[in-house]
Amino acid sequence: PDILLADEPTGNLDKETGIRVLDLFKKIQKDLDQTFFLVTHNEEIAKIAEINYRLDNGKLINVKKT
């Protein structure tokens, strides 16, 4: 697929398994140049993204681009 959607992919996982899932996403992104659209409430997880957006009163706000 052009884009993989991951909605709270680590939300119900223990920390170790969550890290493994995110490491897998990073490997897939690097090896296959895959685009991910990842939704999370966890600020630490959001830091792995190249671009971050935040919902603010129903509006999408760009908060970080690396």
How many residues, within region 23-66, are among the polar types (S, T, N, Q), surrounded by fewer than 10 Cβ atoms within 10 Å (Cβ to Cβ) and either part of a strand (DSSP E or B) or at pLDDT below 90 (or both)?
2
Would you check which residues across region 1-48 are of a type in the set (Val, Ile, Thr) and either under 20 Å from LYS64 (Cβ atoms) or in contact (Cβ under 8 Å) with a residue 60 or more places away in the chain (or both) and list them?
ILE3, THR10, THR35, VAL39, THR40, ILE45, ILE48
Name the residues in region 5-22 that are more than 10 Å from the chain's Cα centre (by Cα) and outside any loop (DSSP other than H, G, I, E, B), would you?
LYS15, GLU16, THR17, GLY18, ILE19, ARG20, VAL21
Restricting to region 1-22, and then to whatever is of a type in the set (Asp, Glu) and modelled with pLDDT of 95 or more, can you tell me which residue is surrounded by the fewest Cβ atoms within 10 Å (Cβ to Cβ)?
GLU16
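The values are calculated or read from the model by the stated rules, or taken from the named source; none is laboratory data. Just so it is clear, the structure is predicted and the values come from calculations on it, not from any experiment. Because the Cβ atoms are built from the backbone with ideal geometry, glycine has one as well, and the counts that use them run over all protein chains shown.
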